[in-house]
Each structure stands twice: as C-alpha cells, then as structure tokens.
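Asks: Got a structure for you, questions after.
Values quoted throughout were computed directly from the atomic coordinates according to the rules given, and no laboratory measurement underlies them. These numbers were taken from a predicted model, which means no experiment stands behind them. Cβ placement follows ideal geometry from the backbone for every residue including glycine, while neighbour counts extend to all protein chains displayed.
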Amino acid sequence: MKAMILSAGAGTRLRPLTGMIPKPMLPVIEKPVIEFIIELLAKNGVDEMMINISHHGSLIQDYLKSGYGYGLSIGYSFEGHFENGQLKPEPYGSAGGMKKIQTDTGFFDETFIVACGDAIIDLDIKEALEFHRASRALATIVAKEVSIEQVSNYGIIVSERNGRVRSFQEKPTQAEAMSTIANTGIYIFEPSVFDYIPQGQFYDIGSQLLPELVKKGESVYSFVSQIEWYDVGRSSDYISILGQALKGKVKGYKPSGKEKAPGLWLGTGAIMDISVEIAAPVHIGGMTRIGKNVKLEGPVAIGSNCEIGDNCDLCNVYVSNYTRIEAGLKERNILLTPEYFVRSDGSSGQIMGSQYSKYVSDTRSKK
C-alpha cells in the first residue's frame, strides 16, 4: 500500500520552535512527531511512501533516510529551487505537492493514504479503507467529532447520514457551526483524483480540492472515527502534547532511560542530588546534572547535557538539550532553550533581553 506524508509547510504559527527545524521534526521529548505516523503507516501495511519537504526539509530526510529502519521505502519530493547559491523553499500546497509527484513519477497508481506530518494519530486504517471502498468514494476524509466549544479550531464537515459530504465550514463560530465533525487532515484517495488538480500551481486539499470535488458532485465521504489525534498546530498544543506524552497518554511514546522510581526516568550519566524533590512524571536526559534542593513537579522533561542549579522549582517545564538554568529559578508552564522561551499559552520571546537572561544559557558556553 502507498501513502504520502505532507511535510512541506513552514510552521509559521509555531515559531520560534520551527525557526531552525521543520514542524514534523519537533521532538515529543525525544521522538520526532513524524516518526509516530511513519510507524503507524508501516504497521498498517504501507510499504512505499512519499514525503514532500521544503522548509529545512533535509533534516527530515537525514533522520528518516530511505525508511529501511521502519520496514518501508521512502521517497522525497523537494519543493523549492536554488537562487544565487541559496536554497529557496517553494511549497506547492498539499494537493499541488501530490500533483508534482504524480507528474514526475506516476507514483500514485492505486488507492493511497495522505496524512499530515505534524500530527500524532492512532487510527484503524484498515477500517477506514473498508469504508472508503464500500462507499465507492473518490475521496474519504478521516474525521472526528469534537465538542461545540472546539469547532472554531477546525475545518468542519457537513455530511449526510451515510457520510456523503455536502459542504465545509472553515473554523466557524459556535453559532455558525452546522456540524461538530472535524477534518483531521487524513485522507484516502483514488488515483483519478489527479484529474481535478491543476498542474504547476499552489493547490490545497482542504480549502480547494475537496470543495471543488463536492461542487462537481463527486463522491466525497467522511469517515467518523474514534481516532486519537494530537495536532501540533500551535505552540500551546505542542507543550500540551509533551505533558500528555509524559503522562503515558500518547500511544507510541515510551520514555528512554531507566525508570528509577514510578514515573521518574533517568538517562545514562544523569546525576541528581539526593535532596531533589520529585513529583512524577519526570524525564531527565543523559549527562544532565540536577543540583541541591531542586523541586521538579511533573510533567517535567529536562534534556540531555543540561545543568539545573540549586533551589530551582519547576512545574510543567520542558528544558531543551544543552540548557543551563542558574540557581533559584522558580517557573511554571514553559519550554526553555538557550535561545528562546515558549509559554504554555503560546506566548514566546528571546532569552536575551528577557527576564530569563540571567538564569538561562548554553552549557557549551563558559559562565
């Protein structure tokens, strides 16, 4: 079975997290987001896939390589060009990226799955495929029912009882919403869908292709699933997912290191003073040192090669690799790196010139 993972977006809503890394490579503690969907597709019979890449896309390719480590084969479609010796990203859009691959290679010669590389999902793909085939659909949208309070965060699908799609609403207000069925960004298509995608231009699946198919009376269906779905759409979402992973709620994530006590994982070479107070879950990376009288109230994840000074008090805090935190910092609900911080409400800023500049630095730099 064949699949495509959409990974060419710039992730602008997630900056500064995505300043030097593509959104699919954001680590859930230590495991990149895209790795979850790769493993799920491989487990469900996908043996060949394409990934479109653009913004820092080489990091994705360098990490996943040819896919041999996952039991499948991966090809990469770069969307961009060289200009004055510089690599310039040039995304084609989700549908346009598919069309580029099909025009160049003819890869999509059977029913295929499309998924976003910036979401963690747990889906019964075989059940979705059975629905798609039984419906004789050209396109099937994997959907999830959300609360009325959440509709304004999603693309909403309006369908008949049998799942046939009649219209769409993009992030409607609660008063405007005609449905509570949300598009998860996972699709099943037949190869004939390429007849509806224009050549050589930006074209999006959700906002352009699917509405056009419905307008033309083509068979577009929604498959409502009890899917586990963690969408890394905003910085606040990302920080929430880190906490959910540490709490054991994200399928496919298992903390590395040794579990020294229930919910406390220590990486190789990590050193923690006996006076440290722990409220699990807490993950401490390899070669990290935790000082005296430190309080860590989970969920907390400290990266590798970090230093946490004496008398720090951290709750729902995530510290990136090679980060030094000086003694006495008391902080809640935040991600800290040597360059920037991101709070759980999505607000962010540079460390230099902020209130954290006297506390946070790079362990590879001299004090």
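Asks: Which residues does a label at MET352 reach in region 298-329, if reach means a backbone N under 20 Å from a point 7 Å past the Cα toward the Cβ?
Replies: Flagged as within label range: 320-326.
Asks: Please compute the length gained on full extension between ASP310 and THR105, using 0.36 nm multiplied by the number of residues separating them and subtracting their Cα-Cα distance.
Replies: So the extension gain works out to 68.0 nm.
Asks: Here is a further query. So in region 255-362, what percent of DSSP beta bridges are antiparallel if you round to the nearest 5? If you can, show how the numbers build up before the last one.
Replies: Values: 12 of 38 bridges.
Around 30 percent antiparallel, to the nearest 5.
Asks: Let me ask you something else. Go through LYS65/LYS258; LYS43/LYS171; LYS100/LYS251; LYS144/LYS215; LYS171/LYS358 and tell me which ones have a Cα-Cα distance over 30 Å in this structure.
Replies: LYS43/LYS171; LYS100/LYS251; LYS171/LYS358
Asks: Assuming R0 = 25 Å, can you tell me the calculated FRET efficiency for the pair PHE202 and SER167, based on Cβ-Cβ distance, to the nearest 0.05? Don't jump to the answer; show the numbers that get you there.
Replies: Numbers: r = 23 Å, r/R0 = 0.92.
So, using R0 = 25 Å, E works out to roughly 0.60.
Asks: Something else now. Note down, for region 255-362, the three equivalent ellipsoid semi-axes (square root of 5 times each alpha carbon gyration tensor eigenvalue), biggest first, whole angstrom.
Replies: Equivalent-ellipsoid dimensions as semi-axes: 21, 14, 13 Å.
Asks: Let me ask something additional. How far apart, in nm, are two points set 7 Å out from the Cα along the Cα-to-Cβ line at SER365 and at ASN293?
Replies: Simple spin-label model gives 2.8 nm for this pair.
Asks: Based on the Kirkwood radius over alpha-carbon pairs, what value in µm²/s does the Stokes-Einstein equation return for the translational diffusion coefficient of region 255-312 at 10 °C and 1.306 mPa s?
Replies: Rounded to a whole number, D works out at 147 µm²/s.
Asks: To continue, here is another question. Between ASP204, ASP104, ASP310, which gets the highest mean-square fluctuation from a Gaussian network model of the chain, Cα cutoff 10 Å?
Replies: ASP104
Asks: Using a Gaussian network model on the chain with a 10 Å cutoff between Cα atoms, which of GLU127, GLU326, GLU307 fluctuates the most?
Replies: GLU127
Asks: Counting pairwise Cα distances across the chain, what percent come out greater than 32 angstrom? Write down the numbers at each step before the final one.
Replies: Working: 25320 of 67161 pairs.
Percentage above 32 Å: 38.
Asks: Test of understanding: what is the full-extension gain from LYS126 to SER236, defined as 0.36 nm times their sequence separation minus their Cα-Cα distance?
Replies: 36.4 nm
Asks: Can I ask one more? When the helices in the chain are scored as -39500 (n - 2.57) per DSSP H run of 4 or longer and the sum is shared across all residues, what 222 nm value do you end up with, to the nearest 500 deg cm²/dmol?
Replies: My calculation for the chain gives -4500 deg cm²/dmol from helical runs alone.
Asks: Let me ask something additional. Which residue fluctuates the most in the chain, going by a Gaussian network model with Cα springs under 10 Å, if the choices are ASP62, ASP47, ASP345?
Replies: Its mean-square fluctuation being the largest, the pick is ASP62.
Asks: Helix check for the chain. Which DSSP H runs span at least 18 Å along their own axis by Cα, with a mean Kyte-Doolittle hydropathy no less than 1.6? Don't skip to the answer; put the middle values down first.
Replies: Working: long enough: none.
Flagged H segments: there are none.
Asks: If each of THR268 and VAL224 carries a label point 7 Å out from its Cα toward its Cβ, how far apart are those two points in nm?
Replies: 5.0 nm
Asks: Then there is this: Can you give the Kirkwood hydrodynamic radius for region 235-283, in Å, rounded to one decimal and based on Cα pairs? Let's see the in-between values first.
Replies: Working: mean 1/r = 0.0838 Å⁻¹.
Every distinct Cα pair counted, the radius reaches 11.9 Å.
Asks: Right, next: In vacuum, with every alpha carbon of region 11-161 counted as one equal point scatterer, what does the Debye formula give for log10 I(q)/I(0) at q = 0.16, 0.18, 0.19 Å⁻¹? Two decimals, please.
Replies: Each listed q maps to, in turn, -1.09, -1.35, -1.46.
Asks: Expressed as cubic angstrom per residue, what is the convex hull volume of the alpha carbon set of region 1-97?
Replies: Details: hull volume 10.0 nm³, N = 97.
Measuring per residue, one finds 103 Å³ for the Cα hull of region 1-97.
Asks: Of all beta bridges DSSP finds with both residues in region 2-231, what is the antiparallel percent, to the nearest 5?
Replies: Looking only at bridges with both residues in region 2-231, the antiparallel portion is about 55 percent.
Asks: Taking 35 Å as R0, compute the FRET efficiency from the Cβ-Cβ separation of GLU48 and GLN150 and round it to 0.05.
Replies: The pair GLU48/GLN150 has a calculated efficiency of 0.50.
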